[in-house]
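Trainee: The structure under discussion is supplied below as structure tokens; questions concerning it will follow.
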Amino acid sequence: MSEAIKLFIEDARAVSIEATAKILNLKFRASGSEHPQPCPNCGGTDTFAFNSKKEKWNCRAGGIGGNDGIGMAAHCEDLDVKRRDGFLEACSIVLGLPIPDEGERESDEDRAARLKRLDDRRLQNEADATAKAASQVDFREQERQKARGIYDAAARVGRYGRPVADYLMARGCGDVGALQWLRYASDLSYWHGQDGRGRPLELHCGPAMVAPFIDRELCAIGCHITWIDLKRPPKYRPVFSDPDTGELLPSKKMRGSKKGGLIPLFGDPQARRWVGGEGIENGAAFGAWEAFREDTFYFAAGDLGNLSGPAEPSSRFAHPTLKKLDAKGVARAVMVAGPIPKADQDADDAMWIGHQVDELVLLADGDSERVMTAAAMARARARHARPGRVIPIVWPRPGYDFSKMAAEADTGT
Ligand SMILES: [Zn+2]
């Protein structure tokens, strides 16, 4: 490879995600650093996003992502970075320069000057990468501390914190009485976007249920917040929308880390029988239905990915009925993450399970897409399987989750 080409590539590596996004004419949201949108290559809605602060991009439709502008440009422009010509073309796009001619002759001085520039640039890129990695570690640790702070400041549910018990009762979880893990915050801020001066904007401040994410040592690594509004059935949660776009926002948030952790709901993690699924309400409603068995620990994974872990790419399969339009407007089957766990996973690619657990009851969500959920539950079972451990999967009535089933049973509808 000629020095000119090497320099060209090093220059391209230094172009940020934000600068690349501008060159590619991607959409920027008015506030925040996360910018979701349809993928320019795969289509869909909000399938693609880049984050100008974390220097990351991701396409859910294409199942691909990364942390540099070259890769992002290549995906958006449908170039194959594994091929030399595709890679150089992507570099050319992010730099806005033509690919240098390999056969180009150069003077000795030019050559020496360029070698020095190349060296400087490479050192600079390495220093930047080290600094970025360090600041990400800092950022993660800060987020963990903030999450612990939110959880520590929240009140235990018993004599105080009654709104959390009322919320769970309204969601079909019975009267839980005093709680060991879930807590109550009376005035928790919901931050969204930034004001004109770049400061975080408080969209709402009100009562919330706060749960910890705990690791195997039972230390809080993050927290899960559910804002509640007891006057707003059927979910008893406030409705938030983005002031600029009107887009609906979730009334739940996670802070800090969740990866590999779990949300404890009721009981002792030392128990040999564990019961849980994706959400808090679902696990709590199932627990109420079996009268919170003494021998059982109830948990929530927070989301399906943390329950089941990543899938082996080769086990991906086409959905039997669901289709979506590709970039050319042709209807193609939606691809579903398969039932086989990815080989060589990290310990924290999915939630931890106590080594002593010999019965792990997994609760499926009946109101999520059935095929995708079934594949994820099969994957969770395979991932958490051990000799001597049984892992039954329990399904609610189609179109329901256990919380909704219980809430309707309570009111007799
Ligand atoms: Zn894509």
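Trainee: How would Arg293, Arg273 rank on accessible area, largest to smallest, probe 1.4 Å?
Mentor: Values: Arg293 95, Arg273 20 Å².
Highest to lowest solvent-accessible surface, that is Arg293, Arg273.
Trainee: Over the heavy atoms of His355, what accessible area does a 1.4 Å probe trace out, to the nearest 10 Å²?
Mentor: Looks like 150 Å² after rounding.
Trainee: Kindly identify region 258-413 as rounded, prolate or oblate by the Cα gyration tensor criterion: order the square roots of the eigenvalues as a ≥ b ≥ c, call it rounded if a/c is under 1.5, otherwise compare a/b with b/c, prolate if a/b is larger, else oblate.
Mentor: oblate
Trainee: What value does region 218-308 have for Rg/Rh, both radii from Cα atoms and Rh as Kirkwood defines it? Walk me through the numbers on the way to the answer.
Mentor: On the way: Rg = 15.1 Å, Rh = 14.7 Å.
Expressed as Rg/Rh, it is 1.03.
Trainee: Where does each of 299-306, 323-330 land if you order them by average Cβ count within 10 Å, highest first? Don't skip to the end; give the middle numbers.
Mentor: On the way: 299-306: 21.9, 323-330: 11.5.
Ranking the peptides 299-306, 323-330 by packing returns 299-306, 323-330.
Trainee: Follow-up. Give me the extension gain from Ala131 to Arg60: residue separation times 0.36 nm, minus the current Cα-Cα distance, reported in nm with one decimal. Don't skip to the answer; put the middle values down first.
Mentor: Numbers: separation 71, 0.36 × 71 = 25.56 nm, distance 2.82 nm.
Using 0.36 nm per residue and subtracting the Cα-Cα distance, I get 22.7 nm.
Trainee: Using a simple spin-label model with points 7 Å from Cα along the Cα→Cβ vector, what separation in nm is obtained for Arg370 and Arg272?
Mentor: About 3.6 nm, to one decimal.
Trainee: So if I place +1 on the C-beta of Lys and Arg and -1 on the C-beta of Asp and Glu, and nothing else carries charge, what would the dipole magnitude of the chain be about its Cα centre? I want it in debye, nearest 20. Write out the running numbers ahead of the final one.
Mentor: Details: 58 positive and 60 negative charges, 212 e Å.
Result for the chain is approximately 1020 debye, rounded to the nearest 20.
Trainee: Under 17 Å from the Cα of Lys116, which aspartates and glutamates turn up, not counting those fewer than eight places away in the same chain?
Mentor: Partners within reach: Glu3, Glu10, Asp11, Glu106, Asp108, Glu126.
Trainee: Suppose every Lys and Arg Cβ carries +1 and every Asp and Glu Cβ carries -1, with no other charges. What dipole size does region 187-258 come out with about its Cα centre, to the nearest 20 debye?
Mentor: Numbers: 11 positive and 9 negative charges, 46 e Å.
Around 220 debye, computed over region 187-258.
Trainee: Could you order Glu359, Glu281, Glu217 so the one with the most accessible surface comes first? Probe is 1.4 Å. Write down the numbers at each step before the final one.
Mentor: Details: Glu359 60, Glu281 10, Glu217 135 Å².
So, going from the largest accessible area down, we get Glu217, Glu359, Glu281.
Trainee: At what distance in nm do the modelled label points of Cys219 and Phe240 sit from each other, each positioned 7 Å from its Cα along Cα→Cβ?
Mentor: Between Cys219 and Phe240, the simple spin-label model gives 2.8 nm.
Trainee: Put +1 on the Cβ of each Lys and Arg and -1 on the Cβ of each Asp and Glu in region 238-331; which of Ser308, Phe266, Ile280 then has its Cα farthest toward the positive end of the dipole?
Mentor: So the residue we want is Ser308.
Trainee: Same structure, new question: Between their Cα atoms, which of Lys235/Lys324; Lys146/Lys231; Lys252/Lys404; Lys22/Lys252; Lys27/Lys56; Lys22/Lys132 are more than 23 Å away from each other? Kindly include the intermediate steps, with their values, before the conclusion.
Mentor: Details: Lys235/Lys324 30 Å; Lys146/Lys231 29 Å; Lys252/Lys404 18 Å; Lys22/Lys252 31 Å; Lys27/Lys56 15 Å; Lys22/Lys132 21 Å.
Flagged as over cut-off: Lys235/Lys324; Lys146/Lys231; Lys22/Lys252.
Trainee: Label Gln142 and Glu359 with points 7 Å out from Cα along Cα→Cβ: what is the distance between them in nm?
Mentor: Label-label distance for Gln142 and Glu359, simple model: 4.7 nm.
Trainee: Sort Met169, Met72, Met405 by accessible area with a 1.4 Å probe, largest first.
Mentor: On the way: Met169 80, Met72 0, Met405 60 Å².
Ranked list, largest accessible area first: Met169, Met405, Met72.
Trainee: Right, here's the next one. Please work out how much accessible surface Ser189 shows to a 1.4 Å probe, ignoring ligands, DNA and RNA, in Å² rounded to 10.
Mentor: Only protein atoms counted, so the area is about 30 Å².
Trainee: How far, in nm, would the chain grow between Glu312 and Lys252 when pulled straight, counting 0.36 nm per residue and subtracting the alpha carbon separation?
Mentor: Values: separation 60, 0.36 × 60 = 21.60 nm, distance 2.94 nm.
So the chain would gain 18.7 nm between Glu312 and Lys252.
Trainee: Could you pull the Cα extents of region 284-375 along its three principal axes, largest to smallest, in whole Å?
Mentor: 56, 33, 17
Trainee: Kindly give Rg over Rh for region 3-105, based on alpha-carbon atoms, with the Kirkwood expression for the hydrodynamic radius. Kindly include the intermediate steps, with their values, before the conclusion.
Mentor: Working: Rg = 13.9 Å, Rh = 13.9 Å.
Looking at region 3-105, the ratio lands at 1.00.
Trainee: To continue, here is another question. Using 20 Å bins from zero, what percent of all Cα-Cα pairs in the chain falls into each bin?
Mentor: 22, 51, 23, 4, 0
Trainee: Accessible area per residue for region 3-105 in Å², computed with a 1.4 Å probe and the full protein assembly in place, what is it? Before the final figure, lay out each step's value.
Mentor: Values: 5270 Å² over 103 residues.
Accessible surface, normalised per residue, equals 51 Å².
Trainee: Given the Cα-Cα distance of Arg199 and Glu34 and 0.36 nm per residue of separation, how much length would full extension add, in nm? Walk me through the numbers on the way to the answer.
Mentor: Numbers: separation 165, 0.36 × 165 = 59.40 nm, distance 1.55 nm.
Answer, rounded to one decimal: 57.8 nm.
Trainee: For region 270-366, what is the accessible area per residue in Å² when the probe is 1.4 Å?
Mentor: Working: 4440 Å² over 97 residues.
The answer is 46 Å² per residue.
Trainee: Also, quick follow-up: Defining a contact as two alpha carbons under 8 Å apart and six or more residues distant in sequence, what relative contact order in percent does the chain show?
Mentor: On the way: 810 pairs, mean separation 47.5, N = 413.
About 11 percent, as a whole number.
Trainee: With point charges of +1 on the Cβ of Lys and Arg and -1 on the Cβ of Asp and Glu, referenced to the Cα centre of region 3-105, which listed residue (Trp57, Leu88, Pro36) lies farthest in the positive direction of the dipole?
Mentor: It is Pro36, whose Cα lies furthest towards the positive end.
Trainee: With point charges of +1 on the Cβ of Lys and Arg and -1 on the Cβ of Asp and Glu, referenced to the Cα centre of region 3-105, which listed residue (Ile23, Ala12, Pro98) lies farthest in the positive direction of the dipole?
Mentor: Value computed over the given set: Ile23.
Trainee: Another one. For the chain, give the percent of accessible area contributed by carbon and sulfur heavy atoms, probe 1.4 Å, rounded to a whole number. Intermediate values should be presented prior to the final figure.
Mentor: Values: 11230 of 21600 Å².
Using a 1.4 Å probe with all protein chains present, the chain comes out at 52 percent carbon and sulfur.
Trainee: Quick one: work out Rg over Rh on the C-alpha atoms of region 49-182, Rh as Kirkwood radius.
Mentor: Values: Rg = 26.2 Å, Rh = 20.4 Å.
Radius of gyration over Kirkwood radius for region 49-182 works out to 1.28.
The values are calculated or read from the model by the stated rules, or taken from the named source; none is laboratory data. Please read these numbers as outputs of a predicted model, since none were measured by experiment. Every residue, glycine as well, gets a Cβ built from its backbone with ideal geometry; the counts of neighbours run over all protein chains shown. Protein only, heavy atoms only, side chains kept; ligands, DNA and RNA dropped before computing areas. Shrake-Rupley method; radii C 1.70, N 1.55, O 1.52, S 1.80 Å.
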